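Engineer: For reference, the structure I am asking about is given below.
The values are calculated or read from the model by the stated rules, or taken from the named source; none is laboratory data. What you see is a predicted model; the values in this text were computed from it and never measured. Counting neighbours? That spans all protein chains shown, and the Cβs are built from the backbone with ideal geometry, glycine included.
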There are 2 protein chains.
Amino acid sequence: MTQTSDTTSYKDIKQTVLQRIRSGEWQPDALLPNEQELAVEFSCTRTTVNRALRELADEGFLERRRKAGTRVLSAPQRQARFTIPLVRDEIEAAGGTYRYALVSQETQTAPDWLTARLALRVDQRVMHVRCMHFSTNTPFQFEDRWIVIDSVPQVEQADFSSIGPNDWLVQTVPFTNVELTFLASRADATLAGFLDVSEGEPVFTAERITWLQGQPVTFAKMYFAAGYRMSTEF
Amino acid sequence: MTQTSDTTSYKDIKQTVLQRIRSGEWQPDALLPNEQELAVEFSCTRTTVNRALRELADEGFLERRRKAGTRVLSAPQRQARFTIPLVRDEIEAAGGTYRYALVSQETQTAPDWLTARLALRVDQRVMHVRCMHFSTNTPFQFEDRWIVIDSVPQVEQADFSSIGPNDWLVQTVPFTNVELTFLASRADATLAGFLDVSEGEPVFTAERITWLQGQPVTFAKMYFAAGYRMSTEF
DNA sequence: AATTCCATTTTGTGTAGACTTTATGTATTT
DNA sequence: AAATACATAAAGTCTACACAAAATGGAATT
């Protein structure tokens with residue numbers, strides 16, 4: 001047999017399965033019929049059922065184990081997918097005009113806390129860059145970044161007065177692994193000045209560590225202006 | 001031909017493609033060979049190549065368009081997947097003992113800001129629940145939640161003195177859609193008391209709105225104790 | 001009673017081939 | 001020059017089948 005327009009597609013199956021979970025027909029922890037049985041029910045091949053169930057498992061609705069079968073997850077460990085936008089894109093998407101400004105750029109020996117955080121060797125040298133991102137001249141984000149020189153030797157020749165370190169890195173170094181952390185921090189005097197808020201105000205903060213094949217490449221702290229909200233739907 | 005142990009698998013292909021992107025062999029915006037050509041190169045079927053490329057596109061490395069082919073994304077819009085854990089799981093995973101305490105529970109008419117936020121009808125009634133989550137008797141999270149009674153009528157009979165509203169909802173109502181927001185807020189007197197921090201301290205906050213087939217179900221604000229970090233790797 | 005071993009079940013992944021859908025670039029027409 | 005039509009290329013999906021790998025539950029053994 002071959003594909004015709006009235007075939008049940010993997011998308012149809014996904015929908016139907018979700019319906020059954022939502023309607024309570026398949027309760028949490030319940031065992032689903034196996035792929036072969038579902039294939040018969042939906043009059044399609046096991047391959048098609050497999051794709052549907054595999055994607056639903058990937059999306060966090062189902063749990064699948066060989067021999068054990070497929071179950072409805074009791075506490076749907078649904079995953080929020082944050083697309084971390086580039087600052088420029090985020091500002092422009094909100095209708096602002098993006099402006100970048102370098103605050104400082106210097107090479108130095110990695111401070112102790114950074115050595116510990118990135119598991120650097122002692123006295124390893126880093127490029128320290130601080131810069132501002134504005135949306136139509138309103139402070140949007142203050143970025144405090146360290147780049148490991150041994151991992152990106154070209155950085156010693158880089159000039160961040162007109163291009164941001166993130167843009168430069170994205171163009172220059174691929175990366176393999178990222179650790180992203182969100183937290184709330186308190187504006188100290190310096191930060192308050194840059195972001196135009198009062199000292200002591202809460203500041204939404206993101207930290208990002210990037211590795212290339214196990215080697216630490218860069219650590220960045222990004223402090224967002226007052227009222228910033230990081231949002232996603234799923 | 002059939003599958004043998006020396007076959008190139010879709011995982012191998014994913015790795016190889018990533019290598020080529022990282023090494024710069026396939027620059028951003030570059031057009032990849034088409035599936036048929038790659039199938040020949042990797043001595044496998046187009047189906048296998050398709051799965052590899054499809055997943056890489058899904059993970060944000062590639063862009064695929066029919067007829068136009070497959071390209072390397074210039075600004076890798078990599079997506080962070082946050083698995084939003086249940087509070088209890090999060091506390092227990094960190095080695096703490098979970099304890100729950102109800103602060104208040106009452107039905108009321110939805111306040112204006114909530115009516116606006118959830119697009120409720122005027123004077124729609126909601127259940128307002130406030131509660132605390134402790135990790136070994138240390139405040140971990142203060143939860144401030146509203147549940148739309150029309151969407152979950154059973155909630156009027158619910159007793160949240162021993163089970164948290166989130167646990168109850170997960171067991172009772174499936175959901176279709178979630179909006180999740182992270183922000184930094186400032187501890188007011190009440191919050192400072194619950195979380196055992198000074199007034200004015202920054203508090204990492206998550207807001208969560210849940211819908212069931214277009215109907216708003218619940219709005220929750222979750223205030224985390226000092227020092228909380230929401231972290232993910234990808 | 002506990003442990004080890006193993007057949008069996010169920011998902012995981014691959015091959016081979018075909019049809020479907022989309023959209024691009026070119027040719028044609030206006 | 002602009003708009004339209006169209007052949008075609010490339011990804012998208014399905015069928016049908018096969019073998020692989022994991023893990024469960026029970027049988028056999030200690």
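Engineer: Tell me, yes or no, whether segment A:175-187 has at least one residue that is over 26 Å from B:F204 (Cβ atoms) and of a type in the set (A, V, I, L, M).
Structural biologist: no
Engineer: Taking the criterion of being within 13 Å of chain A (Cβ to nearest Cβ) and without any contact (Cβ under 8 Å) to a residue 60 or more places away in the chain, would at least one residue in segment B:29-41 satisfy it? Outline the logic, then answer.
Structural biologist: Taking segment B:29-41 first, the residues within 13 Å of chain A (Cβ to nearest Cβ) are B:29.
Among the residues that remain, those that are also without any contact (Cβ under 8 Å) to a residue 60 or more places away in the chain are: B:29.
Yes.
Engineer: Which residues, taken from segment A:120-171, are closer than 12 Å to A:P216 by Cα and surrounded by 12 or more Cβ atoms within 10 Å (Cβ to Cβ)? Give the derivation first.
Structural biologist: Taking segment A:120-171 and keeping what is closer than 12 Å to A:P216 by Cα, we get A:120-121, A:124, A:126, A:146-152.
Hits for segment A:120-171 are A:L120, A:Q124, A:V126, A:W146, A:I147, A:V148, A:I149, A:D150, A:S151, A:V152.
Engineer: Check segment A:119-141 and report whether any residue there is modelled with pLDDT of 90 or more and within 14 Å of another protein chain (Cβ to nearest Cβ).
Structural biologist: Yes, segment A:119-141 contains a residue that is modelled with pLDDT of 90 or more and within 14 Å of another protein chain (Cβ to nearest Cβ).
Engineer: What about B:W146, is it modelled with pLDDT of 95 or more and either in contact with a Ser or Thr (Cβ under 8 Å, 6 or more places away or on another chain) or more than 14 Å from every other protein chain (Cβ to nearest Cβ) (or both)?
Structural biologist: On the way: modelled with pLDDT of 95 or more: yes; either in contact with a Ser or Thr (Cβ under 8 Å, 6 or more places away or on another chain) or more than 14 Å from every other protein chain (Cβ to nearest Cβ) (or both): yes.
Answer is yes for this residue.
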